[in-house]
Every structure is written in C-alpha cells, then in structure tokens.
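Everything below concerns the one structure shown next.
The values are calculated or read from the model by the stated rules, or taken from the named source; none is laboratory data. The shown structure was predicted, so the numbers you read here are calculated from the model rather than taken from an experiment. Positions of Cβ are backbone-derived with ideal geometry, glycine not excepted, and every protein chain shown enters the neighbour counts. Each accessible area value is taken on the protein alone, full model and side chains, heavy atoms only, with ligands, DNA and RNA left out. Shrake-Rupley method; radii C 1.70, N 1.55, O 1.52, S 1.80 Å.
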Amino acid sequence: MKKLLNSLAMIFVLATANVALAEIAVIVHPTLSVSSLTEDDVSRLFLGKAKSFPGGTQAVPINQNEGSAARDKFNESVCKKNASQYKAYWSQLVFTGKGTPPKDGGDDAAVKALIAANPNMIGYIDSSAVDASVKVVFKVP
Amino acid sequence: MKKISSNRKKNHLAWTIALVMAAPFACASDVNFSGFLSVGGGMLDDEDAVAYGGYDEEDLTFDRNLLGLQVSGQINEKVTATAQLIARSNNDYEVDAEWAYLSWQANDFVKVRAGRLRTPFYMYSDFLDVGYSYAWITPPQEVYYLPFNNVDGVDVYLTGTLGIFDTSLQAYFGSFTDDLVLSGAPADAETRNQIGLSGTLGKDWWTLRAAYHQADLTIDVTGIPISQTATLGSFVNTLRTFGFNSNADRVLVEEDDVTFAEVGINIDTGRFVAAAEHVEFDPGDAILSKNIREYVMVGVRAGDWLIHLTAAKAKDEATHPETGIPVGQPLPVVGSTNFLIGTLQAIANSQAIERDVLTLGTRWDVTTGTAIKFQIDDIDSPDSVLVDGTVVSGQQKVFSVAVQTVF
C-alpha cells in the first residue's frame, strides 16, 4: 500500500512537473525564410490580426485540438486568453464573416506532420516533440 | 418601436442569394457550419408598473429563444458565400436570412461583400445575436434600440495597421424594407440611399470606435392611433384642411433625411472589462424625436465568472412640429389653433423617451462554448398616465436568465 501511494505521489510529481516545465515551440516549415518571430507576431497570426509572415509569405495558423494542454498554455501565454475567452473572441469574428479561426490540426505529432508538409503553415507543439522536419521560430517558456 | 413579424417579400433577395450559394456548396470542398443558441427568459418585479424589455408579467416566461445557423462555403481562393439563418421564438421560429452575402477577399487588407449584411450601427452590431460573445444577455436596449439591423447592399471592409495600432474601416451603401409596429399599429418602413462608415482603432486590450450613417427614411405612420377615434393620418388631413401643410409634412415620415452617429470604447485586459457607447439619432424633419442614448459598463473576471455593472441612459429631445402655427386663432370645428398645437406637441413628446437603467449581471462560463447569464435591470423612468386616468409607475425591476452557446 505504501509502495502504491509512493508511486502515485511520484506520478503526481512527474505529471505536474511535466505541465509546469513543458516548453512549447512555435514551428514552421524549414524552408520558410523567417528565422524567428516575436510573441506579438505569433499572437497576431493566431488572432487573425495578421495574415502573412513578416516578409509577406501567406501564413496559415494551425491550432492543436480543443482541450490539449499545449493549446491551453499557448492561448493563455501568447494570445492572453483562456479557452472560453478565446472561443468568445473568435465567435465575434466567425459570425460576421470578418475572420476564420485557425483550423484544429490534432496533437503534437499531427500538427508537426502538417507543418512539415506545408511551407505556409505555422503551429505549436511541445518542445520535446521537435525534430529536423520543422523549424522553431519562437519558444513559450 | 418593435419588430414583430417578417415580411416575406423582403426576404426574396436574401433567399435568392442563399439558393445561389447552395449550388456551389454541393461541390465545394470547404464548407463550414457553425451556429449559436440562446435560451432565456425573465420576469418583472411589479406587473402594474411599466413593462420593460418585452416582459410584462410577474411570472417567469422563457420566451427569448433563438437559434442561428451559419453556413459558409469557399467558392474559390478569394470568394466565399455565407448565409446566417436565424429562428426566434418571438417570431414563431420563422426562419429569417439575416445575413446572406458573397465576399471577395481582394488581398490581405481588403474585403468586399455584397448581399444582406448587418448594418454596423454599434460596437456589438455584428454579433448582436451571438450572446455568447459578450457579457450581457443582450446589449443595453437604451442604446441598442434601432429597429433596422440589416441592410441589403454592398460594403468594403479594410483592415490594417497604423503605426503600432490595429485599424479597420467599413463603408457600405444599401437600402432596407421592413414592417414595424409603432404605438401598437403596423407601419411599413424603408430606408433608401442608406450610406455609412465605421472605423476602429485599437491596441492589445483597448479599441475605440466611431460610426456615422445617413438614409432617406420613410415610415407609414398614418395608421397610428392618437385617440379613440383619430389616427395620425386623419390628423394630418385636419392640418391640411386648415392650410398648415408644412406642419402636416413634418408629422409624416416621408423620405426624411436622417442621421445616426456613434462613438464607443471597448476594454478587455483579461481581468477587467469595460465598454461605453454614446449614440445620437437625428430625425431631420420627421416627428420622431432626437434620440440621445448612452451606457457605461464595467466588469471583472474571476475564474469562470464575470460580474458586470452597467448604467444606461435615454435622454431624447422632442421635436417641435407645431412651429409656425399661430397661437390662439379661432378655427371652425376644433375651436382654436391651440388644439392643433397641443396635439402636435403631445405626439412629439410621446416619441421622446427618458429613462435610466442600472444593470447588474453575471456570466458563468460553464464549459468552453457555453455560458449561463443572470441579470437584474433596475428601471427608472417618469410615471405615465393612461387614457382612463390610471397612473402607471415608471419604476420597475426585471430579472432575467439565459443559456447561450456557440458551436
């Protein structure tokens, strides 16, 4: 029993540590001429305020699916909105034809695969999932 | 003035566009469906006092329901077709196409739309029906009182940056035809040569907005009763009989040049929210009053809750349709010109509303996409006297609740 409690405690510590430390990487296709973006650049792309990368290449932002830890963290720290505020923000644009929210691209692996295959897309994944198929342009600590 | 039913004729254009749009949907690869729902109701504190917000009972009624469905299809890279169909409980759930338009995204900064659009009168006009997107159950009706919310026409929507600021500019031209209920009588209404401009300037947590519109407004007011035997139409004939033609013209609302102006500010820091709007409607030569309306809202977020307080005010100025009629001249049948002057002043005064409303409300985000809202409105307006002499108190409280979602 004590062993079980210890394991549970360990799992808890690991899980919370993971959430607290998980760094999120904003990624683009390796061939994109942009080497880094500011938080403001990224936020403007994901809030529909900008439609192109600095330099003029058309940008297609890709979200992770609703409910993912990476999405919640990204929205809170970069877009400065919790899940409900983010939804309310986009519903003001969707129902007026003034904007279309970023498409949901799935989890870390799915988003990475999309970005690796499309030179216009920008997404975000857990830093641990980054490999040579994508380029990191901003990090959310 | 309250809209009660929809004129099927007025929907022909909208439906035609909706049907034209349905064709490409069949083969379009990128069709988006989204929707919103609001279910709500309310009750009065005192049903012997003035009615408010469409509520006239002390018993809770759930009759503020609406369902909206938006279909939008990408026809090609630059052209999108969008239709928004809304069914409202206070319109017997008859489906209305409140938006139906084709939009052409010329480049990153310029969008041109044609069809039935929402008129950008107010800060919240665009998403008026999407309660989920704002704090209140509905925006303060002292300011959000105009009976026309849509326009059939074209607009240009520009977005861009000005230094460090985000800006937008929307210009439109169009017209609208609708049927209203004025003082209990149906009245056909239309705008022609309606033109308007709205602009925003913002940065991160604040946005400033200003808008200006003008139109030739015609409302058939002749059927409005002014006493148990007379209508506004018969009174206009009386005025003409005595040669007061210019006064008669001022009673009628016929191609009158009217204007509507708005300024507003919206603030959302995440923790604190605030909004304020001031609007003025100038009726030109029409007998409608000059409407001067405003509200200020402040709120604070705590977790999934938002608590907000709003002060709204209507302080209309009555027009003077009696100007030019000499005082105290004897007249056959009605006695003297004083009768005409008194009647004209009474009609003009009845169009002017004075009211203060204090609203305390909460929004609780139950899950992402669903909010439950409670609201108490405290209404302070002058007492009124009915035809039979009964005094109706202008003090009232309204309690309302709504569940609002987007999907």
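Can you find, among B:Pro321, B:Thr231, B:Gln141, the residue farthest towards the positive end of the dipole of the range B:9-406? Put +1 on the C-beta of Lys and Arg, -1 on that of Asp and Glu. Toward the positive end, the furthest listed residue is B:Gln141.
Note on chain B: with a GNM built from Cα contacts shorter than 10 Å, the maximum mean-square fluctuation among B:Asp282, B:Asp388, B:Asp304 falls on B:Asp388. Here's how it looks for B:Ile75: its modeled amide H is under 5 Å from those of B:Thr80, B:Ala81, which are all 5 or more places away or on a different chain. Per-residue shielding of A:93-105, expressed as the average number of other chain Cβ atoms within 10 Å of the residue Cβ, stands at 6. Inter-chain Cβ neighbour count for B:99-110, averaged per residue, equals 1 (cutoff 10 Å, partner chain atoms only). At a 1.4 Å probe, what is the % contribution of carbon and sulfur to the accessible area of chain B? Carbon-and-sulfur percentage of accessible area, whole number: 59.
Computed on protein heavy atoms with a 1.4 Å probe, the accessible areas place A:His29, B:His213, B:His278 in the order B:His278, A:His29, B:His213, largest first.
For A:Thr100, no residue whose modelled amide H falls within less than 5 Å of its own remains once neighbours fewer than 5 places apart on the same chain are excluded. Rounded to the nearest 10 degrees, the inclination of helix A:2-21 to the longest alpha-carbon principal axis of chain A is 20 degrees. Partner shielding of B:130-139 amounts to 3, given as the average count of beta-carbon atoms from other chains within 10 Å of each residue beta-carbon. The phi torsions of the range B:366-382, fed into the Karplus equation with coefficients 6.51, -1.76 and 1.60 and a -60° offset, translate into couplings of 5, 9, 5, x, 9, 10, 10, 10, 10, 8, 10, 10, 10, 9, 10, 9, x Hz, rounded to whole numbers, with Gly and Pro shown as x. Summarising the strand pairing of chain A, around 75 percent of its internal DSSP beta bridges are antiparallel. Backbone amide hydrogens, once placed in the peptide plane, bring A:Gly105 within less than 5 Å of A:Asn63, A:Gln64, A:Asn65, excluding anything fewer than 5 places away on its chain.
Give the ranking of B:Thr362, A:Thr31, B:Thr310 by solvent-accessible surface, highest area first, calculated with a 1.4 Å probe.
On the way: B:Thr362 30, A:Thr31 100, B:Thr310 5 Å².
So the residues, ranked largest to smallest area, are A:Thr31, B:Thr362, B:Thr310.
Ordering A:Ala110, A:Ser91, A:Ile125 by the projection of their Cα atoms onto the charge dipole of the range A:23-140, which places +1 on the Cβ of Lys and Arg and -1 on the Cβ of Asp and Glu, puts A:Ser91 at the extreme positive end.
Karplus-derived 3J(HN,Hα) values for the range B:246-255, using 6.51 cos²θ - 1.76 cosθ + 1.60 with θ = phi - 60°, are 5, 5, 4, 4, 6, 6, 6, 9, 10, 6 Hz; glycine and proline are entered as x. Angle, helix B:337-350 long axis vs. longest principal axis of chain B, Cα atoms, 0 to 90°, nearest 10? Tilt relative to chain B: about 20 degrees. Computed with a 1.4 Å probe on the full set of protein chains, the accessible area for B:Ile164 sits at about 110 Å². A dipole drawn for the protein assembly as shown from +1 and -1 charges on Cβ atoms has a positive end, and of B:Gly40, B:Ala187, B:Ile287 the residue lying farthest that way is B:Gly40.
Once you keep just the Cα pairs under 8 angstrom separated by 6 or more residues, what percentage relative contact order results for chain A?
On the way: 215 pairs, mean separation 60.1, N = 141.
Relative contact order for chain A comes out at 43 percent.
Computed about its Cα centre, the charge dipole of the protein assembly as shown is approximately 2260 debye, with only Lys, Arg, Asp and Glu carrying charge at their Cβ. The charge dipole of the range B:9-406, taken about the Cα centre with unit charges on the Cβ atoms of Lys, Arg (+1) and Asp, Glu (-1), comes to about 1040 debye, rounded to the nearest 20.
Dividing the mean sequence gap of close Cα pairs (under 8 Å, 6+ apart) by how many residues the range A:67-129 holds gives a relative contact order of 25 percent.
Surface calculation, 1.4 Å probe, protein heavy atoms: B:Val385 sits at approximately 100 Å² accessible.
Place a +1 charge on the Cβ of each Lys and Arg in the range B:286-407 and a -1 charge on the Cβ of each Asp and Glu, then give the dipole magnitude about the Cα centre in debye, rounded to the nearest 20. Mind showing how you got there, number by number?
Values: 9 positive and 13 negative charges, 61 e Å.
Its charge dipole is roughly 300 debye.
Counting only protein chain heavy atoms and rolling a 1.4 Å probe, the accessible areas of B:Met297, B:Met123 rank, largest first, as B:Met123, B:Met297.
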